[in-house]
Amino acid sequence: MGHPPRHRPPDDADRYVRGLFEGVGRSLGDESRSLDRLAADHETPNGNNERIRTTWFDPANARALTTALDGLLDHLAPPRRS
């Protein structure tokens, strides 16, 4: 039988999540590192995020993501005036 779930007080969870986003915000301001390097710097070696990034983001999936994001940007862009 597995262990019962451990619940954290909401204040602890709030501080944890805010800390994560605070760190990401500061890191994104560091233009001396590429986005690839920033992602790698925030992954645990052999952790879940690294495994997904290095196995799922093959060239075909990267192209599909680029296409989807480009389509989203086109959709969100203000109409062009002629």
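The values are calculated or read from the model by the stated rules, or taken from the named source; none is laboratory data. Given the structure is predicted, the values throughout are model-derived calculations rather than measurements. Ligands, DNA and RNA are excluded from the accessible area calculation, which covers all protein heavy atoms including side chains. Shrake-Rupley method; radii C 1.70, N 1.55, O 1.52, S 1.80 Å.
Taking the chain as a Gaussian network of alpha-carbon nodes connected by springs under 10 Å, the highest mean-square fluctuation of the residues Arg15, Arg51, Arg33 belongs to Arg15.
If you take Rg/Rh (Cα atoms, Kirkwood Rh) from the coordinates, which of (1) 1.11; (2) 0.93; (3) 1.75 do you get? Of the labelled values, this structure produces (1). Accessible surface area normalised per residue over the chain is 97 Å², counting heavy atoms of protein chains with a 1.4 Å rolling probe. Given axes a ≥ b ≥ c from the Cα gyration tensor, I'd like to know whether region 41-82 is rounded (a/c under 1.5), prolate (a/b larger than b/c) or oblate. Since a/c reaches 1.5 and a/b is larger than b/c, the shape of region 41-82 is classed as prolate. When Asp41, Asp74 are compared by accessible surface with a 1.4 Å probe, the order from highest to lowest is Asp74, Asp41. Mean residue ellipticity at 222 nm, helices only, the chain: -20500 deg cm²/dmol; runs of at least 4 DSSP H residues each add -39,500 (n - 2.57), and the sum is divided by the number of residues. As a fraction of the 1.4 Å probe accessible area of the chain, surface on carbon and sulfur atoms comes out at 56 percent.
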